[in-house]
1. Packing-wise, with mean Cβ within 10 Å as the measure, how do 406-413, 230-237 rank, highest first?
2. PRE reach from Lys536 (point 7 Å along Cα→Cβ): which of the range 437-467 fall under 19 Å by backbone N?
3. Ranking Ile319, Ile180 by Cβ neighbours within 10 Å, fewest first, what do you get?
4. Once you sort the root eigenvalues of the Cα gyration tensor of the chain as a ≥ b ≥ c, which label holds: rounded (a/c under 1.5), prolate (a/b larger than b/c) or oblate (the other case)?
5. Order of Lys454, Lys331, Lys350 from fewest to most other C-beta atoms within 10 Å?
6. Strictly over 21 Å apart at the Cα level, which of Lys493/Lys536; Lys43/Lys212; Lys303/Lys331; Lys414/Lys454 would you flag in this model?
7. Which ordering of Tyr501, Tyr48 is given by a fewest-first count of other beta-carbon atoms within 10 Å?
8. Cys137's amide H: which non-local residues (gap 5+, or another chain) put their own amide H closer than 5 Å, with H modeled 1.01 Å from N in plane and none for Pro or chain starts?
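Derivation of every value follows stated rules applied to the coordinates shown; laboratory data play no part. All values reported here derive from a predicted model rather than from experimental measurement. FYI the Cβ positions are ideal-geometry reconstructions off the backbone, even for glycines, and counts take in every protein chain you see.
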Amino acid sequence: MGAKLSDVERIKAASRHLRGTLLESLADPVSGAIAEDDTQLSKFHGTYQQDDRDLRSERKRQRLEPAYSFMIRARLPGGICSPEQWLNMDRVAAEQANGSIRLTTRQSFQLHGVIKSKLKAAIAGINRAMMDTIAACGDVNRNVMAPTVHTLTGLHREVQAHADAVSTHLKPATNAYYEIWLDGEKLPQENATGDIDVEPIYGRTYLPRKFKIGFVVPPQNDTDIFSQDLGFIAIVEGGDLAGYNVVVGGGMGMSHGEPETYPRLGDVIGFCGPDDVLAVAEAVVTTQRDFGDRTNRKHARLKYTIDDRSVEWFREQVIERSGVQLGSPRKFAFAGNGDVYGWQQDDAGKWHYTLFIENGRVSDRSDRPLLTGLRKIAQAHDGEFRLTPNQNLTISNVATEDKAKIEALLGEFKIANTLQATPLRLHSMACVAFPTCGLAMAESERYLPSLIDKLDAALAAAGLADDAITIRMTGCPNGCARPYIAEIGLVGKGPGTYNLYLGAGFAGDRLGALYRENIAEAEILAALEPLFAQYKSERQADERFGSFLIRSGVVREIDAGRNFHAKEQNA
Ligand code: SRM
Ligand code: SF4
């Protein structure tokens, strides 16, 4: 007899295509929470139940239930939205959430602090501007990422169209979302030929686990393509999109002390033409649907399915299911995995301004009214906004005659001066963590900025003030800011302590290795300061910090995810 299915499998199977008792939970006036099974189902609709962790122990002391509220995540392929959609999100944030907007590491919006009685209005409000939240979370394909490529309009449009098409193709087909949040007509939930017709791709129990897809256009690996379950690397030949190299099996999440869980970079399994994208994507998804582990959620991501059965086996499955003969991978090279900041002009003459938003938090501070400033820009702008894969924002498609107007607003609201931040800060990301994330073990978004102040001083002392080094922090090992592919990766271990990973590739193409475990700020600084000095004096021309640390033997090179925890000691 096989192992027992995980509890979430039972909940999905019994949910009548994601309905569960969500309507009853929302109507229950007694608790600020929803029923426990519904907390799993609500994710598929784009919302997570959370509680304020800053208040947890005080509420417990007062014998009150936790301060429940909900996080809402939008689905926004390639991070593109109109100024009207921005203004609408801003309005929902003010009226139903905590007044700030969070830009995520997957080019989407999150709102926090929505209490249960406002949840339906908030989700309906987001939909008012033709943006939805379905499949933003849950065991389905999540927000599809696409590169920003601001200089080449035609290429951007083509790649974005593929990302949109994949997003639509893999969107759950259930009517539950419309019934629950948008007062849609209640449709029959099963038809005569069985439930597979309701969800032609996913079936009744959806995928074994979350699933992520991204597109990228070299040389900028801004969507961190090797961290995606499925990635499409655009191959441009003679200025035209020839097709895509297909990458499978990336993922970041792991658990401390459980070496059978590990981050993994995807493998390139071949090349497909532009017209084959949907067939390949569906074949990858259905292979994972059929072979992914449904008994152990910590072993359920595609990366483990592939490592358990081999890349060659997986490639054959994709070819057989899609009918697409994958060709040999074409050549490509990446230069970095960050965003390109400031103004860029595209080949059609329009302008794009990428601004730095520290850890994606859009709120008003006394010295920088970012939320208000972006509201004013949205009111004045008739192009689009692009949320970047690094929690930043591009004001896109600005006509030359409108550039001065946007520049004046960027100046008036002190937004332009965010780009005066140091290269380290401009290459930083932190996940949300406390107070909302239920899985956080240490601070992240609220702490990284002050740690960077200190690291900047150390870099300046070493004569490295102008050097770009990537740094990412997460409050736990789940890896939401993709820390294992930052040259300095800090992963929360406990209150105030972190594991330090070093040696990752500047282009997101190599995993870092564990260098120090469970260390606090003073030890982080003490560990890095001598390495900065050594890097300054011993590096070769154009050698990146991560590569230097490997060449000089400070950390070993991680050649495969499954070797991430191998017992070799680093210096
Ligand atoms: Fe994440 C869970 C926030 C990108 C790997 N992630 C969570 C939750 C929902 C916590 C929870 O399950 O209760 C966090 C909500 C915090 C909060 O209060 O808002 C959370 N993840 C985020 C965001 C908002 C981080 C950010 O600062 O931007 C990102 C939202 C992206 C989006 O718009 O869809 C976010 N999460 C990621 C990424 C990066 C990516 O996808 O490129 C990863 C690593 C890549 C991957 O999936 O392997 C990631 N999140 C996880 C995991 C670990 C999954 C695993 O395979 O082990 C969890 C926990 C889980 O699924 O059990 C998690
Ligand atoms: Fe929460 Fe951990 Fe993700 Fe950070 S990495 S948002 S702490 S789940």
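1. With the highest mean Cβ count within 10 Å placed first, the list reads 230-237, 406-413.
2. Answer for the range 437-467: 452-467.
3. Ile319, Ile180
4. Judged from the Cα gyration tensor, the chain comes out rounded (a/c under 1.5).
5. Lys331, Lys454, Lys350
6. Exceeds cut-off: Lys493/Lys536; Lys303/Lys331; Lys414/Lys454.
7. Tyr48, Tyr501
8. Gly46
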